[in-house]
Amino acid sequence: MREDACAAVLSGLTGATPLRLHNLLQERSAREALRAIESASIGTEVAPTDVLAEWQREINRVDMTAESARLDELDAHVSTLHDPVHPPQLISDIDPAPLLFRRGTLPDPSLVHVAVVGTRRASSIGREVARELGLGLAEAGFVVVSGLALGIDGEAHRGALLADAVPPLAVVGSGVDVVYPKRHRDLWEEVATVGALVSEAPLGGRPEPWRFPARNRLIAAFSDLLVVVESRHSGGSLLTVEQALRRDLQVMAVPGSVRNRAADGTNQLLVDGCAPARDVTDVLVALGLSEVAVATRRNEPEVGVPEPEAVGTGASPMHSAAGIGDSAAVVGRTAVVLDAVDDGPTSLDEVVDRSGLGVIEVYAHVEELVAAGLVVHDGSRVRRQY
């Protein structure tokens, strides 16, 4: 029996909740778990007796050959806790996901993952902002995570795809073979082809309402930061916020007009103390300049961010013979960035405007200047250091 087909069967068992599957698979492979259920050697620490009995009956009716063929036809894969490709974020999470279906290639878990979520009933401005965020974050070397829903989620994915850089990750609330919403069929297929589309739901799993809160916890589990573009007073995106806060993730919100009902929830998040996300720059600053620079350089072949020019002399750029560089030792674009910094605090937006360079390139050069001891930064501002 194929391990992935065995896992697919387990996911479709009646009452096979993530917690029960975690208990079942924690010390067993999927194949071993099936055999244990067949032989009635599973204890009530996994599931109640009546549920175990139902599992045994269902397994006896399973056609493993057909299950394998369905996976092959979809080019779908299933991973469990013991699979090397199973996302480490889901193994170590406070609500582990012991089993995951996927189409496409999972992103490198060492990359920074940023979730962009919001209401399905988004305004035109909200959709535009979500698309711009998806585009900018992917260009910066980040994995854009969202739920492929109508409105904000779908536009964030469209933006990430437009970047033609780091592929997006979609976490859906139905089986990977059940397109929902149907009008997103083309987007669904493109994400699955270029990036990755994942779900806990079994093949054929319908988009039942209870699946979406469970899906939202996975979005939070995958992510290092959450941005809410538009949200009403209640809804799925605020459930994702709750899950993010449970994981101590920073939550940012895009400010909206007080006359825009679609922004009621996000504006309340700002009142409650969430940081504003006016544009990609705010998100990058929130992640920390060091992380931005590292992510940029790590993904340079895909993103196409220019390499900061070598500066200074000798084997240690940015440092003079005395050990600490000065402005005379700085050449190329890094010198342009330094010249754009005032003696007093200067916002990064001002540095970008004055230098004429791209946001990500400016951030990379700022990190070089900080390392050289020429400037200091305190989040969103930099100043010269003498």
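The values are calculated or read from the model by the stated rules, or taken from the named source; none is laboratory data. Predicted, not measured: the structure shown is a model, and the values here were computed from it. All Cβ positions, glycine included, derive from the backbone under ideal geometry; neighbour counts span all protein chains shown. For the accessible areas, the whole protein counts, side chains as well, though only heavy atoms, and no ligand, DNA or RNA atoms are used. Shrake-Rupley method; radii C 1.70, N 1.55, O 1.52, S 1.80 Å.
Observations, loosely collected:
- Restricting segment 104-133 to residues that are of a type in the set (Asp, Glu) and free of Cβ contacts under 8 Å to residues at least 40 places away in the same chain, the residue that is least open to solvent (accessible area, probe 1.4 Å): 108
- Taken over segment 70-90, the criterion of being more than 17 Å from residue 199 (Cβ to Cβ) and surrounded by fewer than 16 Cβ atoms within 10 Å (Cβ to Cβ) is satisfied by 72, 84, 88.
- Going through (1) farther than 19 Å from residue 287 by Cα; (2) at pLDDT below 80; (3) buried (at least 18 other Cβ atoms within 10 Å of the Cβ) one by one, residue 359 falls short only on (1).
- Subset of segment 167-191 that is of a type in the set (A, V, I, L, M, F, W, C), outside any loop (DSSP other than H, G, I, E, B) and over 15 Å from the mean Cα position of the chain (by Cα) - its residue that is surrounded by the most Cβ atoms within 10 Å (Cβ to Cβ): 188
- Condition met for residue 253 (touching a Lys or Arg at 6+ places or on another chain (Cβ under 9 Å) and either basic (Lys, Arg) or modelled with pLDDT of 95 or more (or both)): no
- Wholly within segment 201-294, helices (runs of 4 or more DSSP H) carrying at least 3 residues that are touching a His at 6+ places or on another chain (Cβ under 9 Å) and under 28 Å from residue 349 (Cα atoms): 264-271
- Looking across segment 16-62 at every residue that is part of a loop (DSSP other than H, G, I, E, B) and in contact (Cβ under 8 Å) with a residue 24 or more places away in the chain, the one that is farthest from residue 79 (Cα to Cα) is identified as 47.
- The residues on offer are 31, 57, and the sole one that is closer than 15 Å to residue 10 by Cα, open to solvent by 80 Å² or more (accessible area, probe 1.4 Å) and not hydrophobic (A, V, I, L, M, F, W, C) is 57.
- Of all residues in segment 150-166, those that are assigned to a loop (DSSP other than H, G, I, E, B) and crowded, with 24+ Cβ neighbours inside 10 Å total 1.
- All positions within segment 238-258 that are touching a residue at least 40 places away in the same chain (Cβ under 8 Å) and open to solvent by less than 10 Å² (accessible area, probe 1.4 Å): 240, 244
- Just one of the listed residues (49, 65, 17) is under 15 Å from residue 97 (Cα atoms), surrounded by fewer than 17 Cβ atoms within 10 Å (Cβ to Cβ) and of a type in the set (S, T, N, Q), namely 17.
- Across segment 106-142, the number of residues qualifying as part of a helix (DSSP H, G or I) and not hydrophobic (A, V, I, L, M, F, W, C) comes to 9.
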